[in-house]
Amino acid sequence: MTIESSVKSCGWGRTAAATALLVLLLTAFASGARAQKANPSTFSDVQIIVNPRLAVERAYRIRTAVTREAGRRLGPAAGETNPGAATAPSAMLFTGSEEESATGEALWNTWIDGTYTHIKDSHPVSGYEGPQNSVIVATDYQLTDRVIAGLLYNYNNSDVRNLFQPGDSRTKTHGIGPYVGVVLTDNLVFDASVVVNWTDNFGKDATDIARYESDGWIASANLTGYWYFGNLRFSPGAGISFTGTQDDAYADTSGTAFAALTTRTGTANLAAGFGYTIALDDVRSIEPFVTLEGEWEFDNSTSPSAVTSSAPAVTREWNLRASAGVDVTLRRDMYLTIRGDFGGVGQGQFQTYAVNGQIGKRF
């Protein structure tokens, strides 16, 4: 072998070695990227951490709206002891309808409830922040002076920014279901609702986009007391809500597959409300009120449990809400409620702020 051929051989050898090393590096990088992307990361974090909280808030808005409606239709008011025969905001008379109950109560009622909520969890590893909006349109019928039954439609959307990983998520939910209110005693009113819903989910992280659909349900029940001391109202309450959500299997834009996921939540609530009725004339009145409510989240689970998240499990179980507002009788057949509430009282990292309005018309 000549010197020239030896040099050429060494050159080709170094080139081949460098090429092989480059191929190995690229292969390792690609494998690492695939392995990293195979981790559920952002999208699974949203499904496990963010979406259950949105479901709890959605259930809370439906439950409290139905409870207020049942109280207005069936609860006693200032100066009254018989259900279904009050003249204050909690249960107004309407004598202008052709179809009325034996007590003079209009049998039909339609109401609209709207809420803007801002949710913020500032935890550096599992935090998120963004608005959630809810609109409820409902109609109910008074079957007897002690029972109402109705049907509601709920539209709910959210736009949440993740703090635990770059990205955000959006939801659009449509729900429909029945509700009832029943007088148990002269001072106790029971209400319950069941809503089935359908959700379009959108997620985006630093590199990919995901879209998937969900089916779910919300079941709630509440027991509320109405005791009056002159014009001062005291209303203790206890409630419970369950939600279930089935996320469809999907793949993000990189082709990473995510299995179907079922999420369940359960909350129990204890509340104390106070209001004071101020009569403006024979028909119109206003009732400023305040409510303090404790919420215990006794269930927040997902299945299959093999689905993992890069963020730590949510350990928050208690939430305290304070709300204040005014209930207004505009006419004998129309009422309006404006309310604000703050959740996460006493918690340093989790808060909710909400503004709510409800208007109803009897006919």
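The values are calculated or read from the model by the stated rules, or taken from the named source; none is laboratory data. Owing to the predicted nature of the structure, the values given are computational and were not obtained by experimental measurement. For neighbour counting, all protein chains shown are included, and Cβ atoms are generated from backbone atoms with ideal geometry for every residue, glycine included. Protein only, heavy atoms only, side chains kept; ligands, DNA and RNA dropped before computing areas. Shrake-Rupley method; radii C 1.70, N 1.55, O 1.52, S 1.80 Å.
Modelled label positions at ALA322 and ARG161, each set 7 Å beyond Cα in the direction of Cβ, lie 2.8 nm from each other. How would you classify the stretch 222-278 from its alpha-carbon gyration tensor, with a ≥ b ≥ c the square roots of the eigenvalues: rounded for a/c under 1.5, else prolate if a/b is greater than b/c, otherwise oblate? It is prolate, given that a/c is not under 1.5 and a/b is the larger ratio. As a fraction of the 1.4 Å probe accessible area of the stretch 315-363, surface on carbon and sulfur atoms comes out at 68 percent. Classify the stretch 206-252 as rounded, prolate or oblate, taking a ≥ b ≥ c as the square roots of the eigenvalues of its Cα gyration tensor: rounded when a/c is under 1.5, otherwise prolate if a/b is larger than b/c and oblate if not. Because a/c hits 1.5 or more and a/b exceeds b/c, the stretch 206-252 counts as prolate. Only the Cβ atoms of Lys and Arg (+1) and of Asp and Glu (-1) were treated as charged; on that basis the dipole of the stretch 190-290 about its Cα centre amounts to roughly 400 debye. Compared with the rule-of-thumb size 2.2 N^0.38 Å for a compact globular protein, the stretch 190-330 has a Cα radius of gyration ratio of 1.48. All C-alpha to C-alpha distances of the stretch 147-219, sorted into 10 Å bins beginning at zero, yield P(r) values of 18, 32, 24, 16, 9, 2, 0 percent in whole numbers. Among TRP318, TRP227, the order of accessible area from largest down is TRP318, TRP227, computed with a 1.4 Å probe on protein heavy atoms. Computed with a 1.4 Å probe over protein heavy atoms only, the accessible surface of the stretch 216-363 comes to 46 Å² per residue. In this view, the solvent-accessible surface of SER303, computed with a 1.4 Å probe and all protein chains in place, comes to about 40 Å².
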